[in-house]
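Bear in mind these aren't lab numbers, they're just calculated from the coordinates by the rules spelled out. What you see is a predicted model; the values in this text were computed from it and never measured. Every residue, glycine as well, gets a Cβ built from its backbone with ideal geometry; the counts of neighbours run over all protein chains shown.
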Amino acid sequence: MSDRMQPIPFSALINWITREVKSGTLFGCRNFYTAEPEKKISILGREIETPIGPAAGPHTQLAQNLLTAYVCGGRYFELKTVQQLDGEDLTVSKPCILAEDEGYNCEWSTELTVEQAFEEYVKAWYLMQVLARELKLGAPGAVVFNMSVGYNMEGIQSPKIDRFIEQLKDASACPVFLQCREVLEQHLQDFSLFTREDLDAVSPHICSSMTLSTMHGCPADEIERIVTYLLTEKGLNTYLKCNPTLLGYERVRSMLDALGYDYVAFDESQFQADLQLEEAIAMLQRLQDTAREAGVLFGVKMTNTFPVKAQNRELPDPMMYMSGKALLPLSLGAAEIISRSFDGKLPISYSGGADALNIEAIFETGIRPITICTDLLKPGGYHRLNTMAKKLSGHTYWGEEKGTDTKKIEALVKEILSGTRTRKMTPFSIQRQLPEIPCECKEQCHTVCGCCVTVCPNRANVLIHTVSGNKMLHLDGLCNECGNCASFCIEKSAPYLEKFTLFQSEADMEASQNGGFTRKEGEKSCYLLRCGAGRMEYRAGENSSGVPEAVREIIDAVDEEYEYLFYLKKN
Ligand code: SF4
Ligand code: SF4
């Protein structure tokens, strides 16, 4: 078992998609969002169909994550941040996500190499346009891919990151862009509506905008130099991600205390290290002028996550980054200050505790686009985007050029602080007595609730239909051990460590303790499996007495219907 994900090769993604959509789902999601043809909003110079999407994070790392967000209603994609340090050189402690109530994480930039990340974004770019046509979800290309890079000038100007930026601006000569086109050309007969004309119309200009992420404590002059460079030399519409520390220690402490987050621990010193409000406002004014002269858009993103201490070892690192509902008053509070300082004339994009019950109020303040992360990690997962997109479709759309309404933001902050919705939830626990395990295979769920399927950002848990009903199957290759599914399992299991698992190879199976199976190389329909203490060979469809019936049903179903789950093809 590895905490490294294995990207799905492009042709295998096509195979997976074309097979799964026949059953009305895509990566386990069935609530597809169909855009209203006349409903468009101008975001960062592009006309898109909804002003929402996944924030740079676990939902924008792999191609299938971006595609799942698209079919559920996302149209603005803040791609996961890349930095000079990447791949194997970047260590992320695991588990890295805790989203039971407010959210915490200790992951920050992509776990892929920068090159792999670029490939994932190109694959998603193409396939989103295929899905737009094939599933009649909207106009192909009516989306924004917003790149995100970090974290200092030296890294951003390094050849690796510079190449990443330039290739996303124009991918026309990139091998992966050309290969994807070639593969799609070979698969045109597999599509009913996506045509050669649609393929020819896929633009190589994937990104024209950036959200800049700098480290907490990054000096103000360096932030200004980087943004100036992105605006003037790279010609990118740019959002600068700001920190909630702009609010000052006292205000942050009192907001969190008022809402029941008095246990959240952080030092006053981190506020002094971050950008101070007065210097921030002066800098933002200068950058706004620079952008105007350069003919590009400049705005801020409210906000970055908030670093706090992991006092109770919630996650393995001593510091973790707070997000979700506890961040909501801080991000909106910081947005209020900026909106007031600029008389609503500085575009503000948003991430911080947005969900289906507050997204309309946030949107009505003029803040847009709105990105979501923690809420999508909760039961329902990507489907939550669908609810948000539908709610917003009842509103009049206007782009970021109209600015923000300070009074509305102020009223919203007051409402949040005086209401009960954003308060810390009282912990509850399920005291249910589970029945005795009915079969020899201890990795099976008693009740297949599907929660671990919806909450997984990487689509690494799937429900499959077997002769005796739905079964949950964990996909080892797509899991990066973020730990999120363990927070929500009704059987108090850690599904990614304890449930029956499909491995891409024998080596992957050997490296894991999970019960599960893989294909025997070179032999059709023959599988190697580990179940309980035993290791066995099983040929699909045989009534092999040593193999539990529940396990046979899963393997038979995979052999017949779900062979695409073996995306690293060997046989
Ligand atoms: S299966 Fe669980 S641990 Fe693995 S990526 Fe999905 S949510 Fe994270
Ligand atoms: S592993 Fe847990 S969350 Fe997943 S389907 Fe089974 S009971 Fe539900």
- Where does helix 406-418 land angle-wise versus the long Cα axis of the chain, in degrees 0 to 90, nearest 10? 60
- Note the full-extension length gain between T113 and A273 as 0.36 nm times their separation in residues minus their Cα-Cα distance, in nm to one decimal. 54.6 nm
- Message: Taking the alpha-carbon distance from K520 and a cut-off under 18 Å, which lysines remain once sequence neighbours fewer than 8 residues away in the same chain are dropped?
- Response: K569, K570
- Item | Theoretical FRET efficiency, 1/(1+(r/R0)^6), r = Cβ-Cβ of M536 and A201, R0 30 Å, to 0.05 | 0.05
- Item | Given K378/K471; K345/K408; K160/K234; K241/K492; K325/K408, the pairs whose alpha carbons are separated by over 26 Å | K241/K492
- Query: So how long is each side of the chain along the principal axes, counting just the alpha-carbon atoms, biggest first, in Å?
  - Reply: 75, 57, 45
- Task: Give the order of T238, T214, T466, T34 when sorted by the count of other beta carbons within 10 angstrom, beginning with the fewest.
- Result: T34, T466, T214, T238
- Zone reached by a paramagnetic label modelled 7 Å from S418 Cα along Cα→Cβ, restricted to the stretch 329-369 with backbone N below 17 Å, covers 329, 333
- Query: Setting aside same-chain residues fewer than 8 positions from K39, which lysines have a Cα under 18 Å from its Cα?
  - Reply: K136, K390, K391, K402
- In terms of Cα to Cα distance under 16 Å, which lysines are near enough to K123, apart from those fewer than 8 places away along the same chain? K80, K169
- Using θ = phi - 60° and the Karplus curve 6.51 cos²θ - 1.76 cosθ + 1.60, what whole-Hz ³J(HN,Hα) does each residue of the stretch 48-59 get, with Gly and Pro shown as x? 10, 9, 9, x, 10, x, x, 6, 4, x, x, 8
- Task: Compute the acute angle (0 to 90°) between the alpha-carbon long axis of helix 159-169 and the principal axis of greatest extent of the alpha-carbon atoms of the chain; round to the nearest 10°.
- Result: 90
- If you rank T91, T110 by fewest surrounding Cβ atoms within 10 Å, what's the result? T91, T110
- Excluding the sites themselves, what is the longest stretch of the chain that contains no GluC sites (Glu not before Pro) in a DSSP loop with at most 14 other C-beta atoms within 10 Å? 39-267
- Could you give the length gained on full extension between R163 and E293, defined as 0.36 nm per residue of separation minus the Cα-Cα distance, in nm? 44.3 nm
- In deg cm²/dmol and to the nearest 500, what is the mean residue ellipticity at 222 nm of the chain if only DSSP H runs of at least 4 residues count, each as -39500 (n - 2.57), divided by the residue total? -9500 deg cm²/dmol
- Task: Set the Förster distance to 35 Å, then compute FRET efficiency between E563 and D170 from the Cβ-Cβ distance, nearest 0.05.
- Result: 0.40
- Note on the structure: Which residues qualify? For C207, with a placed amide H closer than 5 Å and at least 5 residues away or on another chain, they are K169
